[in-house]
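Each remark here refers to the structure printed beneath this line.
The values are calculated or read from the model by the stated rules, or taken from the named source; none is laboratory data. Keep in mind it's a predicted model, so treat the numbers as computed, not measured. Backbone-built Cβ (ideal geometry, glycine too); neighbour counts: all protein chains shown.
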Amino acid sequence: MKLALKLIAASIVMAGVSGAFAQATKSAAKPLQGEVVKMAWIDPLSGLMGPVGNNQLNSWKFFIDKFNANNPAGVKFEIVGMDNKLSPTESLNALKSATDQGIRYIIQGNGSSVALALVDAIINDVAGTTAKVTRTAAVVAALRVAVKQGIVSGGLT
């Protein structure tokens, strides 16, 4: 009898919890609806790697347009191309410009020297930035350790 009462009580509690969870999920289903997520694409748009960079930026724009046209979450994405001339110094200038514009998502792909400069700048500035950047920096730092230990291969040496 006591076991049956405990099971009934547990069922009632679980029903209440699941109902509250469903209500919370329903009200928070689209927390960023109507928001615009801006991303800075920092890679070469001029010089020797300019054609590659422009092609990659256009590919990003193409997929962003496709995703924005049918995005169930209601979030819009924008990408801002910034020419780094394949230079770590220019990349840091572009990063500063991006953060001054309120852009919190940074994309880079061509050149490990550029990547390392950006990663170091982001890691050194983590204290004054959002938790999203902190998680990104932690992931990149873990990748750098994995590369150094030979677990994965890549340009993050």
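Tabulated results
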item	result
Residue among Leu48, Leu92 that is hydrophobic (A, V, I, L, M, F, W, C) and surrounded by fewer than 17 Cβ atoms within 10 Å (Cβ to Cβ)	Leu48
Test: residue in the stretch 136-150 that is in contact with a helix residue (DSSP H, G or I) (Cβ under 8 Å, 6 or more places away or on another chain) and at pLDDT 90 or above	no
The listed residue being outside any helix (DSSP H, G or I) and either in contact with a strand residue (DSSP E or B) (Cβ under 6 Å, 6 or more places away or on another chain) or at pLDDT below 90 (or both), out of Ile123, Ile79	Ile79
